[in-house]
Amino acid sequence: MKKKRWLTIVLTAILILGSLFLLQKLLMPKYVADVVEGAFIAEYYQEEKNHDVVFIGDCEVYENFSPITLWQEYGINSYIRGSAQQLIWQSYYLLEDTLRYETPQVVVFNVLSMKYNEPQKEAYNRMSIEGMKWSMSKVKSIQASMTSRENFLDYVFPILRYHSRWSQLTEDDLKYMFQTKQVSHNGYYMRVDVKAAGEIPEGKPLADYQFGENAYTYLDKMTALCKEKGIQLILIKAPSLYPYWYDEWEAQIEQYAEDNDLLYINYLELVDEVGIDFTQDTYDAGLHMNLSGAEKLSHSFGQILSEEVQVPNRSGEAHLQEIWKEKIAAYEAEKQEQFTKYSK
Amino acid sequence: MEQLLEILSDLHPEVDFETEDHLIDDKILDSFDIISIISEIAEQYDVTISAEHIIPENFNSAEALYDLIERLEDEE
Amino acid sequence: MLFTSYSFMGFLLVLFCLYYIIPAKHQWKLLLLASYIFYFLAKPIYLIYILVTTVSTWFAGIQIDKVQNTQKAYLAEHKADLDKETKKQYKASMKKKTWHWLLACLLFNLGILAVVKYTNFTISNINSLVQLFGGKPLSFINIIVPLGISFYTFQAMGYIIDVYRGTSKAQTNPFRFALFVSFFPQLVQGPISRYGDLHESLFAEHSFDGKNVAFGLQRILWGYFKKMVIADRMLIGVNTLIQNPDRYSGAYAFAGMLFYALELYADFTGGIDITIGVAQVLGVKVTENFNRPYFSKNIKEYWNRWHITMGSWFTDYIFYPISVCKPMLKLSKHSRSLLGESIGKRVPIYLSSFIVWFTTGIWHGASWNFIVWGLGNWVVIMVSQELEPLYAKFHNRFAVKDKFGFRLFQVIRTILLMSSLRMFDCYRDVPLTFRMFGSIFTKFNWNVLWDGSLLNIGLSALDYGILSAGVVLLTTVSLVQRTGSVREKIHKKPYWLRAAVWYGLFLCVLLMGAYGIGYDASQFIYNQF
């Protein structure tokens, strides 16, 4: 009798835990349709991790640079670990996470996120953090990012966050329970449509232009970490017309770069040099580049990486060639798909 | 006992107070009935039933109530 | 800690495990520790208040007991040689002593309650008068209202009155007494337990009883279902309707009234289910506080089924003492001779009920809304008392009393009546409440009930579906419960069916609970306006 009892208990426990696990997998958002940005962070782990250049940051990295162009023109093997409204501490912990797998020669960070000193929106937290594999970096990222209404348990058991999706489930939720669909190109989010930039108003004057203490702390940590690992940290500001980039902010970054001996490139000042045309190269009126703009930017930045920073050209490596052949094919395929879609 | 039965029947003529012994448990008498009864008893028997005596044991039957009255009369 | 928080659930988990690991004789001490931790985590300073009440009441109890023991011993010793008159005098003088202790304890502790809860209310009323005469208003005091002070004070005062009456013996161990006063499941919203009912199981040694623990957990789950799936969901709609009275009057107010009736029921009884369930897991028997109240056929029955322990506390400790005290009986006698028999005999009933309902109202909260609500109940009860002979005549003539249709009518009538009175809970002040109630009859916008307007108050069609299913489930469970414990009935079913039922209920709470981001009621309001 006793044995039967134990068997029942164990069986019940397995069934309950098993079904909860499956339920959680079912309810978590899959990010394969409209909002694909949430899938970026997780996609990295499937890659072969031997990149020479890693980008980290928000949409101003993942929409403005094309790793395919960098490879095709300069043989640079790169990856963009970007996510929507990625906050600076999230970037730092993502960097920590990345360095567990590889040590690139260069890390490129977009400085816009210096403007955010406190936790912002829960939805973006989810998209930037949830895809990370569990590690101390992920734990610290969660703790640094949680808004007042969030709880750490909601990250350990995401079913507590997504439980209400049971009434919004689609076919994709079932299909992609245990598999994924590639939505980015080495972290690049492709858009081929065009929407010209209009009149962008000048930014309203702020009470205080000084970047927050928290932001500086994490920038310092990033600088220190890169130095420790022998990585060259390059700061950039993407040529996005909005959010408005104040001169006072620009001054602080220039100062910081000088103080810490870092290369800093503000592409807002190099729009003409790069050849960016805001009537053709943006898909959302100047906030982000489209494919055309991203390729132009990558051509320009790639040249600096190749000639000045001396990132090696690895187009001769057979193994990488094979990997990139597939990626290029996927890239071209999506290009065609999107052209068809957006010309309608 | 006669007087008591009269008081009770006045309140609830439909109840047979000679046999009924779950007056409180079956909610036949409610709190208003109880204080009406106590009020009348104070008038007619000159006995004060204080709040601490208002327990089901004393009010479940006419007999129990009469016992209470006698006990209190004794003490006074 | 809110019942519906992760921390409370974690707290329970740890407590339940420790409780059955430690030697049984220390279990009550663990409960005491847990209760004080629970209270401390709410706000450390609250502890001072509950300690003061605990110590003062414990001390008074011991003093009363001492006098009573002395009296008993003395009378036993001198049984033969004392005459009736001396005995009577002796008893009277002893009674006076215990009465002094009782009075001191009551005044002190009810005084604390009064000052903490009602000072600012009193000041605001004084200010209204003062400003009428152009005077300078008093400033409000900054005072904390400790969690559960209304509940634990009443529970302690019930105890001291019981000791005075000889119904209970005083608890000599101050720590055991402290547990009685602070037992954490009851702190937030009761039930208000009697010492006689609670102390045995509270202090006893409990061995692990699988069935009892399982039943307790099931009850806790059921409570969470009511609170999280039904109450918290309904609250979203209720808040929209009652926080914007100008926009949501007429039929909206009627809908709000009924929605609130459901929300309050699910939240309150759900919370009590959690309380009693937690106690059951610990082997402690806590009195029931609800008995299918919405099945009541009239207001008197309702108040025997809703918040039972509060009603019986007010009856035993306020209503009876007031209505049979010497001054009241004298008053009754005088009114009889002055105003005639029929009016005279009504005096104690009317006056005592008035006092009871006034205090019940104000016990709920320091505002005129609650006072008017309490007196509203009083009016309805008095009116139904007076109408009783009429009703009797009606039932003599028409044999409808036991017909299902008539009983259904009575149930619906009672629900509507009690829900109307509860509108005082919802609106800012008394005049507004009357206005909103009146608008139900004057503003003919009944179309909003079916033209989709109710889908714009924060609840989707799916939400209403879930709520409706919830109501059906609640009603079914209540109907089944009339013939015995539902858990017992489920317990008799085969294992896999039982497991499926309880796991299913758990999944309902997990998936359909209105918790987490996306269900913030205030969030919706913010988005809408």
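Just a few scattered comments:
Matching residues to (1) in contact with a Leu (Cβ under 8 Å, 6 or more places away or on another chain); (2) closer than 25 Å to C:H307 by Cβ; (3) outside any helix (DSSP H, G or I):
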{"residue": "C:N369", "(1), (2), (3)": "no, yes, no"}
{"residue": "C:W378", "(1), (2), (3)": "no, yes, no"}
{"residue": "C:A392", "(1), (2), (3)": "no, no, no"}
{"residue": "C:N396", "(1), (2), (3)": "no, no, no"}
{"residue": "C:V400", "(1), (2), (3)": "no, no, yes"}
{"residue": "C:V411", "(1), (2), (3)": "no, yes, no"}
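- The single residue among C:R428, C:R407, C:R435 that is within 32 Å of the chain's Cα centre (by Cα), over 25 Å from C:I236 (Cα atoms) and away from chain A (no Cβ under 14 Å) turns out to be C:R407.
- Being of a type in the set (S, T, N, Q), within 24 Å of the chain's Cα centre (by Cα) and at pLDDT 95 or above is a description that applies to C:Q155.
- For the condition among the polar types (S, T, N, Q) and modelled with pLDDT of 95 or more, C:Q131 does not qualify.
- 3 or more residues in contact with a helix residue (DSSP H, G or I) (Cβ under 7 Å, 6 or more places away or on another chain) and within 14 Å of chain B (Cβ to nearest Cβ): qualifying helices (runs of 4 or more DSSP H) within the stretch C:219-331: C:299-305, C:308-314, C:320-323
- Residue count for the stretch B:46-74, restricted to those that are within 14 Å of another protein chain (Cβ to nearest Cβ), part of a helix (DSSP H, G or I) and free of Cβ contacts under 8 Å to residues at least 60 places away in the same chain: 12
- From the options C:G134, C:G148, residue that is at positive phi, open to solvent by 20 Å² or more (accessible area, probe 1.4 Å) and not basic (K, R): C:G134
- Taking the stretch A:130-166 as the range and being open to solvent by less than 50 Å² (accessible area, probe 1.4 Å), among the aromatic types (F, W, Y) and more than 11 Å from every other protein chain (Cβ to nearest Cβ) as the test, only A:Y155 passes.
- Residues satisfying the stated conditions in the stretch A:73-99, i.e. touching a helix residue (DSSP H, G or I) at 6+ places or on another chain (Cβ under 6 Å) and of a type in the set (G, A, S): A:S78, A:G82, A:S83, A:A84
- Per the listing A:M127, A:M114, the residue uniquely assigned to a helix (DSSP H, G or I), within 14 Å of chain C (Cβ to nearest Cβ) and either open to solvent by 50 Å² or more (accessible area, probe 1.4 Å) or farther than 19 Å from C:S7 by Cα (or both) is A:M127.
- Inside the stretch A:1-58, residues that are open to solvent by 40 Å² or more (accessible area, probe 1.4 Å), under 30 Å from A:W71 (Cβ atoms) and out of contact with any Phe, Trp or Tyr (no Cβ under 8 Å at 6 or more places or on another chain) make up a count of 8.
- Which numbered condition B:I38 misses (of (1) within 11 Å of chain C (Cβ to nearest Cβ); (2) farther than 23 Å from C:F314 by Cα; (3) under 11 Å from the mean Cα position of the chain (by Cα)): (2)
- Yes/no for A:P119 being within 14 Å of chain C (Cβ to nearest Cβ) and touching a Ser or Thr at 6+ places or on another chain (Cβ under 8 Å): yes
- The residue that is farthest from C:F177 (Cα to Cα), among those in the stretch C:60-95 that are in contact (Cβ under 8 Å) with a residue 24 or more places away in the chain and of a type outside the set (V, I, T), is C:M94.
- The single condition among (1) part of a helix (DSSP H, G or I); (2) more than 31 Å from the chain's Cα centre (by Cα); (3) among the charged types (D, E, K, R) that C:K29 does not satisfy is (2).
- Subset of the stretch C:416-457 [surrounded by 19 or more Cβ atoms within 10 Å (Cβ to Cβ), within 19 Å of C:V380 (Cα to Cα) and of a type in the set (A, V, I, L, M)]: C:M418, C:L421, C:M423
- Residue within the stretch B:22-33 that is crowded, with 16+ Cβ neighbours inside 10 Å, under 12 Å from the mean Cα position of the chain (by Cα), of a type outside the set (V, I, T) and away from chain C (no Cβ under 13 Å) present: yes
- Some residue of the stretch A:189-210 being of a type in the set (S, T, N, Q) and either surrounded by 14 or more Cβ atoms within 10 Å (Cβ to Cβ) or within 23 Å of the chain's Cα centre (by Cα) (or both): no
- Put simply, of A:G275, A:G302, A:G286, A:G293 the only residue that is over 24 Å from the mean Cα position of the chain (by Cα) and either aromatic (F, W, Y) or within 19 Å of A:V61 (Cα to Cα) (or both) is A:G275.
- Entry remark, the stretch A:67-92: residues being under 19 Å from A:Q46 (Cβ atoms) and assigned to a loop (DSSP other than H, G, I, E, B) number 2 in total.
- Out of C:Y427, C:Y464, sole residue that is aromatic (F, W, Y) and free of Cβ contacts under 8 Å to residues at least 40 places away in the same chain: C:Y464
- Enumeration of residues in the stretch C:332-346 that are at the interface with chain B (Cβ under 9 Å from one of its Cβ atoms), open to solvent by 30 Å² or more (accessible area, probe 1.4 Å) and not charged (D, E, K, R): none
Condition check ((1) free of Cβ contacts under 8 Å to residues at least 12 places away in the same chain; (2) part of a helix (DSSP H, G or I); (3) within 14 Å of chain C (Cβ to nearest Cβ)) across all residues:
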{"residue": "A:S19", "(1), (2), (3)": "yes, yes, yes"}
{"residue": "A:L23", "(1), (2), (3)": "no, yes, yes"}
{"residue": "A:L26", "(1), (2), (3)": "no, yes, yes"}
{"residue": "A:A33", "(1), (2), (3)": "no, no, no"}
{"residue": "A:A39", "(1), (2), (3)": "no, yes, no"}
{"residue": "A:Y44", "(1), (2), (3)": "no, yes, no"}
{"residue": "A:V54", "(1), (2), (3)": "no, no, no"}
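- Long-range neighbours under 8 Å by Cβ, at least six apart or interchain, first residue over 13 Å from A:Q303 (Cβ atoms) and of a type in the set (A, V, I, L, M) within the stretch A:264-280, second modelled with pLDDT of 95 or more and surrounded by fewer than 17 Cβ atoms within 10 Å (Cβ to Cβ): none
The values are calculated or read from the model by the stated rules, or taken from the named source; none is laboratory data. Not measured: the values here are computed from a predicted model. Note that we place each Cβ from the backbone using ideal geometry, even for glycine, and neighbour counts take in every protein chain shown. Areas reflect the complete protein model, heavy atoms only, side chains present, ligands, DNA and RNA absent. Shrake-Rupley method; radii C 1.70, N 1.55, O 1.52, S 1.80 Å.
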